[in-house]
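The values are calculated or read from the model by the stated rules, or taken from the named source; none is laboratory data. These numbers were taken from a predicted model, which means no experiment stands behind them. Note that each Cβ is placed from the backbone with ideal geometry, even for glycine, and that neighbours are counted across all protein chains shown.
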Amino acid sequence: MAKPNIEFRHLKYFVVLAEEMHFRRAALRLHISQPPLTRQIQQLEQELGVGLFERKGRGIELTPAGAVFLDHARNIMSLMDQAVEKTQLTEKGHIGRLDIGIFGSAIFELFPSVVPPFRASFPNINVVLHDLNKSEQIKALRDRRLSVGFSRFVWDEPDLCKELVSTARLHACCPSAHPLATKDIIRVKDLMRQPLILYPRVPRPSFVDKVIGLCRDEGFEPSIEQEVDDVITAVALVSSGQGIAIVPDAVQNFSLPGVLYRPLEALPSTSVELHCLYRRDDRSPILHAFLESMRASHRAADAAARAVAAAS
């Protein structure tokens, strides 16, 4: 049995006629004359092989088959409306999925300053975070498994855009009973002969090299107690009294018993940058909506910082 050749206009005309139960009123509502409407309904009935309406006096009524078809026709039209709406929202970057690569302490800068404002503005976009190191993020971007990645100490790549997200001041994460925890500001030289917990072990160059470089710039070799995989482990070891960790200031949002954070002296070398990476040829409206939201958050944070500096 051949499948009926039913077009969307057939459904539209049928539903309007079923709601009006009168050819003339339905034709007026559809902004067409009555004869074309009659022909379209006849074509629909011929394709289906059933009668959908029967005449009753001056009006018409749905047949039992017509009543069943009306329910399905309305569902199909509703699905079509949803498809159109979602397609248009996707084109505008208002619906879909955003895959974000994140590693280490960068997550403390994305929450709450970047991701929550984006989610508030675009609640229908599913934001998925992936814990990937710098090299893994670059590969995932090229494989199109990620839309954007966040990492430190990133190098230039011809097919990727690199954009500065923030510059963070470094802090010393100390055991609360440590003598350095009593200082308001810690000098880099104060770290001489102090057991340091460094992270991450891979990939290099990384934050490990940043801390080692800080010490060497001040004329001493760091006393490395242990190298660990991530900042969470490093802070946990500080909490157990095993040493001091150097962290970006946003890590202060991570609190453990027995841990205090103290800023390092303000030097050009005692800050660290966070960059985002994304494909240079990515024209996704979702990605660019996210980037604009991120930039707006960055501008707001800069304005707030300037206002505090001006008031002090």
Between a first residue in region 1-27 that is part of a helix (DSSP H, G or I) and a second residue that is of a type in the set (Lys, Arg), which pairs have beta carbons less than 7 Å apart while being 6 or more apart in sequence or on different chains? Val15/Arg74; Val16/Arg29; Glu20/Arg29
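Among the candidates Ile186, Ile197, single out the residue that is surrounded by 20 or more Cβ atoms within 10 Å (Cβ to Cβ) and touching a His at 6+ places or on another chain (Cβ under 9 Å). Explain how you work it out, then say what you get.
Numbers: Ile197 fails: touching a His at 6+ places or on another chain (Cβ under 9 Å).
After ruling out the rest, the residue left standing is Ile186.
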Those residues of region 184-216 which are over 38 Å from the mean Cα position of the chain (by Cα) and more than 17 Å from Cys174 (Cα to Cα) amount to Arg216
Within region 201-217, considering residues that are charged (D, E, K, R) and surrounded by fewer than 17 Cβ atoms within 10 Å (Cβ to Cβ), the one modelled with the lowest pLDDT: Arg204
Picking from Glu85, Glu136, Glu109, which residue would you name as being modelled with pLDDT under 90, under 22 Å from Ile232 (Cβ atoms) and out of contact with any Lys or Arg (no Cβ under 6 Å at 6 or more places or on another chain)? Glu109
How many of the residues making up region 28-54 are assigned to a loop (DSSP other than H, G, I, E, B) and either touching a Pro at 6+ places or on another chain (Cβ under 9 Å) or outside the structural domain of His72 (by TED's automatic domain parsing) (or both)? 1
Those residues that are surrounded by fewer than 15 Cβ atoms within 10 Å (Cβ to Cβ) and over 19 Å from Glu109 (Cβ atoms), I need them from region 230-255; list them, please. Ser240, Gly241
Within region 94-143, how many residues are aromatic (Phe, Trp, Tyr) and within 13 Å of the chain's Cα centre (by Cα)? 3
Which residue is nearest to Gln226 (Cα to Cα), if the candidates are limited to region 152-203 and must be basic (Lys, Arg) and in a loop (DSSP other than H, G, I, E, B)? Arg201
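Being at pLDDT 80 or above and either under 35 Å from the mean Cα position of the chain (by Cα) or surrounded by fewer than 13 Cβ atoms within 10 Å (Cβ to Cβ) (or both) is the filter here; which residues of region 58-73 pass it? Show your work before the answer.
Initial filter on region 58-73 (at pLDDT 80 or above): 59-73.
Within region 58-73, Gly59, Pro64, Ala67, Asp71, His72 qualify.
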Being in contact (Cβ under 8 Å) with a residue 12 or more places away in the chain and out of contact with any helix residue (DSSP H, G or I) (no Cβ under 9 Å at 6 or more places or on another chain) is the filter here; which residues of region 193-210 pass it? Arg193, Pro195, Pro205, Val208, Asp209, Lys210
For Ser151, only one of the following conditions fails: (1) of a type outside the set (A, V, I, L, M, F, W, C); (2) loosely packed, with under 15 Cβ neighbours inside 10 Å; (3) in contact with a Gly (Cβ under 8 Å, 6 or more places away or on another chain). What is its number? (2)
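Would you mention how many residues in region 218-268 are outside any strand (DSSP E or B) and β-branched (Val, Ile, Thr)?
So the first thing to find is which residues in region 218-268 are outside any strand (DSSP E or B), and the list is 218-222, 228-243, 249-258, 265-268.
Keeping just the survivors that are β-branched (Val, Ile, Thr) gives 228, 231-233, 235, 238, 251.
The total comes to 7.
Of these, Arg299, Arg283, which one is without any contact (Cβ under 8 Å) to a residue 40 or more places away in the chain, part of a helix (DSSP H, G or I) and not acidic (Asp, Glu)? Working first, answer last.
Numbers: Arg283 fails: part of a helix (DSSP H, G or I).
None of the other options fit; the residue is Arg299.
Has region 42-56 got at least one residue that is modelled with pLDDT under 90 and not aliphatic (A, V, I, L, M)? Talk me through it step by step, then tell me what you get.
Just the residues of region 42-56 that are modelled with pLDDT under 90, to begin with: 55-56.
Next, from what is left, pick out any that are not aliphatic (A, V, I, L, M): 55-56.
Checked against the condition, which is being modelled with pLDDT under 90 and not aliphatic (A, V, I, L, M), region 42-56 yields at least one hit.
Quick one: which residue in Pro285, Pro268 is assigned by TED's automatic domain parsing to the domain that holds Ala120 and at pLDDT below 95?
Working: Pro268 fails: assigned by TED's automatic domain parsing to the domain that holds Ala120.
Checking each option against the conditions leaves just Pro285.
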Any chance Phe103 is among the aromatic types (Phe, Trp, Tyr) and on the phi > 0 side of the Ramachandran plot: no
